[in-house]
Amino acid sequence: MVDLTAFIRRTARTSMDRRSFIAGAGVLLSSKALVALAPMQTKNGDAPVIGKADHSLRIEPLNLEIGTGVTVKTLAYNGQVPGPLLRLREGVPVTIDVTNATDSPDIVHWHGLAIDSLNDGAMEEGSPMIPVGTTHRYSFTPKPSGTRWYHTHASAFDNLSIGTYSGQFGFLLIEGKDQPGHYDQEINLAIHHWEPSFVPMVETMRQQSSNMPLTTGSDVGYKYATINAHMLGAGEPIRVKQGQRVLLRLLNASATENVVLALPGHSFKIIAMDGNPVPNPKAVDVLSLAVAERVDAIVEMNSPGVWVLGSTLEKARQMGLGIVVEYAGKSGAPVWKDSAPVDWDYTQFANTSEAPKPDETFTLTFRDFGSMHGSKFDTWTINNKSWPDIEPLAVQRGKRYRMVFRNGSGDQHPIHLHRHTFEVTRIGTRQTSGLMKDVVNVMPLDTVEVDFVANNPGDTLWHCHQQLHMDYGFMQLIKYSG
């Protein structure tokens with residue numbers, strides 16, 4: 001039976017081009033035939049873009065073997081998970097062709113870049129969907145430097161095989177003048193969860209999830225988890241030598257799951273968050289990554305052996321959330337040792353001085369209204385309104401704005417601001433400054449304040465990065481008025 005509510009919401013959020021394409025040609029030809037026949041998608045009615053792009057991505061189905069005898073069916077870029085590593089130079093224009101070889105429209109978001117709305121890759125900002133069987137060219141000048149990433153920004157609703165539930169994600173490294181210091185190895189690790197299904201939240205999620213929900217209702221649970229393409233024990237280990245300094249770039253590419261990680265016998269010296277250098281680099285034994293967050297950390301390899309880098313939750317490691325770290329000349333079963341539990345604290349990496357006063361403050365209270373109109377999931381509201389029936393926030397170019405995020409729910413919410421970087425200015429009662437991010441995790445019943453400068457005109461989206469929350473109302477636009 002068709003979920004009428006989901007269909008209405010899906011229609012409200014979908015562009016005319018996307019609707020007309022599905023109604024017209026989408027049911028007539030296979031995706032492979034369409035790719036062969038369709039021209040380059042045009043922009044604003046201009047002639048088709050010609051010439052070879054700097055990079056090319058192809059969205060296509062993939063059967064991915066993540067463990068011995070364990071294969072998942074997913075969508076991915078260029079037949080691999082994560083997608084190809086894209087290294088771009090800050091300030092150097094780039095073109096990227098994306099071909100949609102699937103059976104539904106899609107889109108790519110260049111997460112963490114200060115680029116224009118048309119190329120940012122969010123339909124709500126005016127970026128075009130990529131119809132089935134066409135190739136779309138993204139053209140932009142990448143900035144700022146740091147660890148960014150790219151991923152689909154398509155809606156999923158109750159279809160748990162698309163959107164960020166799929167394998168559509170990859171590292172996007174923007175290289176600038178500043179380098180992260182001396183290191184001997186550079187390793188990129190992306191976390192993802194697979195085979196999602198509907199689960200009762202409170203009964204099962206407390207034992208299986210780092211999200212620690214406080215409320216009742218339904219949520220999404222998973223059968224497997226991987227770091228990069230493999231479950232713990234499958235694939236190749238990270239091979240290191242004693243005395244090496246290893247730069248780990250860690251990305252949480254899960255659709256809904258926050259994670260907590262440790263590497264027994266070692267500490268992570270965190271030097272950057274979301275690609276931005278932290279004011280106070282600090283070594284920690286345990287690190288937390290909310291959905292869409294990135295951490296750059298230096299690990300001193302000074303504890304020889306064979307270890308597990310993985311989730312602090314035993315259940316999550318059993319699902320596969322881990323990878324083996326093997327020192328040269330060492331062998332045997334990988335070792336895990338529980339770390340002492342700690343509360344994750346952004347403020348330890350920030351300054352304690354007060355941030356500049358904003359020109360204007362937006363107080364934004366979000367909560368869920370429970371399951372409505374037969375939906376399987378909660379409807380999420382910002383100041384008692386849900387997307388798409390919510391007015392945009394109005395800003396003026398050059399002014400500084402403070403966003404006060406008041407979490408009135410029992411869920412954690414990783415809040416993402418598109419096309420801008422914000423400064424974390426308060427966590428609960430503690431003031432901070434200097435910590436620049438594009439995602440911040442707001443804990444249940446807590447308040448977080450962030451400031452951004454309106455320095456990139458164009459429609460700008462902010463939302464919870466949990467796919468489930470975003471699909472069911474947790475989004476709002478920011479519009480420049482002058």
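Results, tabulated for the structure shown:
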read-out	value
When residues of the stretch 196-232 are limited to those that are at pLDDT below 95, of a type in the set (Gly, Ala, Ser) and open to solvent by 10 Å² or more (accessible area, probe 1.4 Å), the one nearest to residue 299 (Cα to Cα)	210
Residues that are open to solvent by 10 Å² or more (accessible area, probe 1.4 Å) and not acidic (Asp, Glu), drawn from the stretch 236-256	237, 238, 239, 241, 242, 243, 244, 245, 249
Residue 334, sole failed condition from (1) open to solvent by 40 Å² or more (accessible area, probe 1.4 Å); (2) at pLDDT below 95; (3) not polar (S, T, N, Q)	(2)
Whichever residue in the stretch 429-449 is open to solvent by 10 Å² or more (accessible area, probe 1.4 Å) and of a type in the set (D, E, K, R) and, among such residues, is farthest from the chain's Cα centre (by Cα)	430
Single residue of 139, 104, 161, 155 found to be more than 18 Å from the chain's Cα centre (by Cα) and not in a strand (DSSP E or B)	104
Qualifying position, being on the phi > 0 side of the Ramachandran plot, modelled with pLDDT of 95 or more and in contact with a strand residue (DSSP E or B) (Cβ under 9 Å, 6 or more places away or on another chain), among 441, 383, 351, 407	383
Flag for residue 421 being surrounded by fewer than 22 Cβ atoms within 10 Å (Cβ to Cβ), within 20 Å of residue 466 (Cβ to Cβ) and modelled with pLDDT of 95 or more	no
Sole residue being more than 15 Å from the chain's Cα centre (by Cα), open to solvent by 40 Å² or more (accessible area, probe 1.4 Å), under 18 Å from residue 350 (Cβ atoms) and of a type in the set (D, E, K, R), chosen from 406, 426	426
Residue among 139, 127, 56, 145 that alone is closer than 21 Å to residue 421 by Cβ, open to solvent by 10 Å² or more (accessible area, probe 1.4 Å) and either without any contact (Cβ under 8 Å) to a residue 12 or more places away in the chain or of a type in the set (Gly, Ala, Ser) (or both)	145
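Residues are listed down the side, and each one gets a yes or a no for (1) modelled with pLDDT under 95; (2) touching a His at 6+ places or on another chain (Cβ under 7 Å); (3) more than 17 Å from residue 55 (Cα to Cα):
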| site | (1), (2), (3) |
| --- | --- |
| 90 | no, no, no |
| 96 | no, yes, no |
| 99 | no, no, no |
| 104 | no, no, yes |
| 110 | no, no, no |
| 115 | no, no, yes |
| 119 | no, no, no |
| 122 | no, yes, yes |
| 129 | no, no, yes |
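Quick grid of which residues meet (1) open to solvent by less than 20 Å² (accessible area, probe 1.4 Å); (2) charged (D, E, K, R):
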| site | (1), (2) |
| --- | --- |
| 302 | no, no |
| 325 | yes, no |
| 349 | yes, no |
| 368 | no, yes |
| 381 | yes, no |
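Here is a yes/no grid of residues against (1) of a type in the set (Asp, Glu); (2) assigned to a strand (DSSP E or B):
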position: 423; (1), (2): yes, yes
position: 435; (1), (2): no, yes
position: 440; (1), (2): no, yes
position: 444; (1), (2): no, no
position: 449; (1), (2): yes, yes
position: 456; (1), (2): no, no
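The values are calculated or read from the model by the stated rules, or taken from the named source; none is laboratory data. What you see is a predicted model; the values in this text were computed from it and never measured. Counting neighbours? That spans all protein chains shown, and the Cβs are built from the backbone with ideal geometry, glycine included. Calculation scope for accessible area: heavy atoms of the full protein, side chains included, ligands and nucleic acids excluded. Shrake-Rupley method; radii C 1.70, N 1.55, O 1.52, S 1.80 Å.
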